[in-house]
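The values are calculated or read from the model by the stated rules, or taken from the named source; none is laboratory data. Values in this document were obtained by computation on a predicted structure and should not be read as measured data. Please note: Cβ atoms are built from the backbone with ideal geometry, for glycine as well, and neighbour counts cover all protein chains shown. Just the protein is used for accessible areas: all its heavy atoms, side chains included, with ligands, DNA and RNA removed. Shrake-Rupley method; radii C 1.70, N 1.55, O 1.52, S 1.80 Å.
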Amino acid sequence: MHLEIRQTKDGSNTLYVPELNEHYHSVHGALQESQHVFIKHGLEHVLNLRKDIKILEVGFGTGLNAILTYPFALAQKAFVQYDTLEKFPLTMEVVEQLQFEKAILNPELHDAFLDLHQAPWNEPVDVIPYFTLQKIHETLEEFVPPRAYYDLIYFDAFAPEKQPELWSDDMFAKLFQATRPGGVLVTYCAKGSFKRSLKAAGYEVEALPGPPGKREMTRGIRPVE
């Protein structure tokens, strides 16, 4: 698959896929989007409740969500188990060109970012004392998650019109079963059909202010039984 490096409005880079006419992140700001959706309304929300959390990411992609979670876990002394699904990993040549550490204004993250991408697949790796990474070389359709296990799900797949198979009722039913009571799923998407799928699966749905360029984002909460 041909990929092109594109700079977004906040100065951070993303990838563009010509054959899908799709970007990996918002063109209004890749870094701002990830920080707003996944860190502020996902990670910070869950860390207000507990300091030992299990995260599932649907779509490792560029690794931006992981490299933003990594220093946050260290600063908060929060124990994070970070499982992430990716069937089509990027080459290291592409990874080097993303240069997220420059956008984050933390050159110390350069080596850490490369370590995340170079970590072996399908086995847990202790990246830092508070952060264990497991990259799973499977699609969401193939993945069989443990039940009531994850505190937080980063749902970062391509848009519904680009990957409709990942936005089906069956997929969200699977993710609901994998979410522990009180756990949450966060995503940039705010489509009505998607929200109906979340509700059908059993999530309580919250519409939250979106990142730059989007009016809303969505957080689903599995009720405490």
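See the values below:
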quantity	calculated
Highest average packing first - 64-70, 215-221, Cβ atoms within 10 Å	64-70, 215-221
Whole-number D in µm²/s for the stretch 29-222 (Stokes-Einstein; Kirkwood sum over Cα pairs; 10 °C, 1.306 mPa s)	95
Kirkwood-type radius of the stretch 57-111, with distances r between different C-alpha atoms, in Å	12.3
Heavy-atom accessible area ranking, 1.4 Å probe, most first, across Phe194, Phe88	Phe88, Phe194
Alpha carbon centroid spacing (whole Å) that separates the stretch 80-103 from the stretch 194-223	26
Ordering of 166-176, 105-115, 26-36 by burial proxy (mean other Cβ atoms within 10 Å per residue, highest first)	26-36, 166-176, 105-115
Placed amide H near His25: partners under 5 Å, 5+ positions off or other chain	Leu15
Note, ³J(HN,Hα) from phi for the stretch 95-106, Karplus 6.51, -1.76, 1.60, rounded to Hz, x at Gly and Pro	4, 4, 6, 5, 6, 5, 4, 6, 5, 6, 6, 9
Fraction of antiparallel bridges per DSSP, the chain only, in percent to nearest 5	45
Per residue solvent-accessible surface (Å²) - the chain, probe of 1.4 Å	46
Under 22 Å, Cα to Cα: Lys pairs in the stretch 1-111, sequence gap 8 or more or different chains	9
Neighbour cut-off at most 10 other Cβ (10 Å), DSSP loop, chymotrypsin sites (Phe, Trp or Tyr not before Pro), the stretch 1-85	none
Protein accessible area in the stretch 29-222, 1.4 Å probe - carbon and sulfur %	51
Derived scalar couplings ³J(HN,Hα) [the stretch 48-65; Karplus, 6.51 cos²θ - 1.76 cosθ + 1.60; whole Hz; x for Gly, Pro]	5, 9, 7, 10, 10, 10, 10, 10, 10, 10, 9, x, 4, x, 7, x, 5, 5
³J(HN,Hα) computed for each position of the stretch 130-146 - Karplus, 6.51 cos²θ - 1.76 cosθ + 1.60, integer Hz, glycine/proline x	9, 9, 10, 10, 10, 8, 10, 7, 8, 7, 4, 4, 7, 5, 10, x, x
The chain, relative contact order in percent, only Cα pairs under 8 angstrom and at least six apart counted	19
